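These notes concern the structure reproduced below.
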Amino acid sequence: MKREPPDSTRISEDQLHNWGLVESFREALEQVYGSASLHPTFQDPRRTLGYAPYLSLFLLGLFNPVVTSMRGLCAASHLPRVQKTIGGSAVSLGSFSEMQSVIDPSLLYEVFQDLVQQGPALAQPDPRLAELNLLAQDGSLWRALPRMTWAEYGVGPDGEAKGVRLHLRFHLVRGVPWEARVTAGKSCERQALRDMLVPGQISVGDRYYGEDYRLFGDVDRAGAFFVFRIKDNAVVHPEEALPLSQADRAACVVRHAWVRLGATESKRSLRVRLVEIRTSTQHLLLVTNLPVAEGPADLVGLIYRRRWQIELFFRWIKCILRNRHLFAESPRGVTIQLYLALIASVLFQMYTGR
């Protein structure tokens, strides 16, 4: 019986796209890596695969969902146009895999940060949001192979599959991913928010973050702000009712008050503002430490509703970019891939304007 060749070996140049974005990436890459201190192996004259061709080939694979594996990526590297675009020759499986151990992901993260800062703001915010430093915080999981022993348990309905988690802060005014961390799947998303806090920023989170009342105090002490949703059955201790403006009522705000949360004194939260919004289809309980003058009740509701952007981004990066499968298996390799996925998203946004 004739063995059917893997689909990756049948990739042709006309199936691949976004060549120009790879060239833009190489320019941004050189600005960071050109002056960085690299692994000594890149000084070895016997090395045939450099950091730029490797990372460019990796990124080309993320730009083209027809490439579904490391084997397919290496097969594509035999194509003349691929070699011209990445600035290198054909790459073997062994060479591609070995590069994971000598590439510093933190330098790649600098490339991502540079592109974010250079790119224009893509969102069209409400004028009242334009000057606010709004960062939606959330995490998303990538399923890992069973042999990736470093990836802790925590994925799937039973929580027993291994996974990798991307913690992301998404800028709700500029409309771009802003900061990211890659960890094992079981890592705590609330702790990631604590670690990523920056004074003056406003963190926007769903009910998962609103369940941890200690987090409220941690954010406040860091000189930062939050808008979190809390559960409908949260124990609320009213302290001071606040008047509702005409704008509040138009935004379906039915309650605005200073409160503390928690069933017992030992678990009581710091004093926060509660904004309750009720429509015919939705009930939201939102808490914030923003001053009333900077975040009136109707604006707090608007801020939280913008959080959907981070959900759409995760859907886009997994479903549209189709970055669901991992080409790498080591912690460094997976981190490199997810940082490259963020870079790919920024380059796409810069190119398309949306």
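The values are calculated or read from the model by the stated rules, or taken from the named source; none is laboratory data. Keep in mind it's a predicted model, so treat the numbers as computed, not measured. Note that we place each Cβ from the backbone using ideal geometry, even for glycine, and neighbour counts take in every protein chain shown. Please note that ligands, DNA and RNA were not included when accessible areas were found on the heavy atoms of the full protein model with its side chains. Shrake-Rupley method; radii C 1.70, N 1.55, O 1.52, S 1.80 Å.
Keeping every protein chain present and rolling a 1.4 Å probe, give me the accessible area per residue for segment 172-267 in Å².
Working: 4640 Å² over 96 residues.
On a per-residue basis, 48 Å².
Under a point spin-label approximation (7 Å from Cα along Cα-to-Cβ), what is the residue 283-residue 104 distance to one decimal in nm?
In this crude label model, residue 283 to residue 104 measures out at 5.4 nm.
So how far apart, in nm, are the two label points at residue 321 and residue 220 if each is 7 Å from Cα heading toward Cβ?
For the pair residue 321/residue 220, the computed spacing is 3.7 nm.
Can you compute 3J(HN,Hα) from phi for each residue in segment 344-354, using the Karplus curve 6.51 cos²θ - 1.76 cosθ + 1.60 with θ = phi - 60°, rounded to whole Hz and x for Gly and Pro?
Coupling constants for segment 344-354: 4, 5, 5, 5, 4, 5, 5, 6, 8, x, 7 Hz.
Please state the equivalent ellipsoid semi-axes for segment 220-354: what are the square roots of 5 times the Cα gyration tensor eigenvalues, largest first, in whole Å?
37, 20, 14
Quick check: at a probe of 1.4 Å, how many percent of the accessible area of the chain sits on carbon and sulfur atoms? Walk me through the intermediate numbers first.
Details: 8490 of 16830 Å².
Answer for the chain is 50 percent, counting heavy atoms of protein chains only.
Need one number: convex hull volume per residue for segment 177-295, Cα atoms only, in Å³. Mind dumping the intermediate values first?
Numbers: hull volume 16.5 nm³, N = 119.
Taking only Cα atoms, segment 177-295 has a hull volume of 139 Å³ per residue.
So for segment 176-220, considering every pair of alpha-carbon atoms, how many percent are separated by more than 13 Å?
In whole percent, the long-distance tail amounts to 59.
Ordering 288, 281 by accessible area with a probe of 1.4 Å, largest first, what comes out? Display every interim value, and only then the final one.
On the way: 288 0, 281 130 Å².
I get 281, 288, largest accessible area first.
Quick check: Cα centre of segment 35-56 to Cα centre of segment 194-252, how many Å?
47
In the full protein assembly as shown, how much of residue 237 is accessible to a 1.4 Å probe, in Å² to the nearest 10?
So the heavy atoms of residue 237 present about 60 Å² to solvent.
Report the normalised scattering of segment 285-354 as log10 I(q)/I(0) at q = 0.11, 0.12, 0.23, 0.27 Å⁻¹, calculated by the Debye formula with identical scatterers on the alpha carbons.
Once normalised to I(0) and log-transformed, intensities are -0.46, -0.53, -0.96, -1.17.
Dividing the alpha-carbon radius of gyration of the chain by 2.2 N^0.38 Å (N being the number of residues), what value is obtained?
Details: Rg = 23.3 Å, N = 354, 2.2 N^0.38 = 20.5 Å.
Relative to the 2.2 N^0.38 Å estimate, the chain comes out at 1.14.
Pulled fully out, how much extra length does the chain show between residue 66 and residue 129, if you take 0.36 nm times their separation in residues and subtract their Cα-Cα distance? Please report the intermediate quantities before stating the final value.
Working: separation 63, 0.36 × 63 = 22.68 nm, distance 3.95 nm.
This chain segment gains 18.7 nm when fully extended.
Distance from a point 7 Å along Cα→Cβ of residue 89 to each backbone N in segment 39-81: keep the residues under 12 Å and list them by number.
46-50
Test of understanding: what is the full-extension gain from residue 332 to residue 312, defined as 0.36 nm times their sequence separation minus their Cα-Cα distance?
Details: separation 20, 0.36 × 20 = 7.20 nm, distance 2.65 nm.
Answer, rounded to one decimal: 4.6 nm.
Given a Förster distance of 56 angstrom, what is the FRET efficiency for residue 35 paired with residue 258, based on the Cβ-Cβ distance and rounded to 0.05? Please list the in-between numbers first.
On the way: r = 52 Å, r/R0 = 0.92.
Rounded to the nearest 0.05, the efficiency is 0.60.
Roughly how many nanometres apart are two label points built 7 Å out from the Cα toward the Cβ at residue 244 and residue 268?
Each label point lies 7 Å from its Cα, and together they span 2.7 nm.
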